[in-house]
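**Student:** Let me begin by handing over the structure; questions about it come next.
Any read-out appearing in this document is the output of simple, stated calculations on the displayed coordinates, not a laboratory observation. Just so it is clear, the structure is predicted and the values come from calculations on it, not from any experiment. All Cβ positions, glycine included, derive from the backbone under ideal geometry; neighbour counts span all protein chains shown.
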Amino acid sequence: MIIVIVKGVADIGKLLGGTGKHEIALTSGSDLNNLLDILVEKYGPALFERLYINNGRELRKDLRLLVNGQDIVFLNGLNTELKEGDRFSIIPPLMGG
C-alpha cells in the first residue's frame, strides 16, 4: 500500500469534502486512473460529472491535473504511476477580478 496526498482547488475541493489535503491509500503500482476511480467512488457522482465529459471516461479539457507540481501532460497522462507520498492536485480554471 502507498499513501498519496490529494488536493482539490475551488469547486473541486468542495466536491472532495472541503478544502485541505486528503490521504488516499492505493495499492502499489496504481496510476492516476486508479486514483480517480477511488475518488469518484468515495466522493460520489457530482465529482464524476465535474471531472468527465461525454458520459464516460474523457477528462474535461479545462482541468489541470498535477503530480508533484508537474502537469500530467508532461508525464504519462492518466497512466502516470503513483508512488508513496506523491502529491496530486486537481485545478479547475480560475478567474480573478
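**Student:** Just tell me which aspartates and glutamates come within less than 13 Å, Cα to Cα, of K42; anything on the same chain fewer than 8 places away is out.
**Tutor:** Counting by Cα, and skipping residues close in sequence, K42 has these aspartates and glutamates nearby: E23.
**Student:** Still on this structure: How would you order 58-65, 31-38 from highest to lowest mean count of nearby Cβ atoms within 10 Å?
**Tutor:** Final packing ranking: 31-38, 58-65.
**Student:** Further, regarding this structure: Taking the convex hull of the alpha carbon atoms in the chain, what volume per residue do you get, in Å³?
**Tutor:** Dividing the Cα hull volume of the chain by its residues yields 102 Å³.
**Student:** For segment 2-91, what is the relative contact order in percent, using Cα pairs closer than 8 Å and at least 6 residues apart in sequence?
**Tutor:** 42 percent
**Student:** Provide S28, S89 in ascending order of the number of other Cβ atoms located within 10 Å of each residue's Cβ, fewest first.
**Tutor:** S28, S89
**Student:** Please give the peptides 78-85, 10-17 ranked by average Cβ packing (other Cβ atoms within 10 Å per residue), highest first, as a rough proxy for protection.
**Tutor:** Per-residue Cβ counts within 10 Å, averaged per peptide and sorted highest first, yield 10-17, 78-85.
**Student:** May I ask you to list the lysines whose Cα is less than 20 Å away from that of K83, ignoring any residue fewer than eight positions away on the same chain?
**Tutor:** K7, K21
**Student:** Oh, and also: Based on DSSP H runs of at least 4 residues, each adding -39500 (n - 2.57), what is the mean residue ellipticity at 222 nm of the chain after dividing by all its residues, to the nearest 500 deg cm²/dmol?
**Tutor:** About -6500 deg cm²/dmol.
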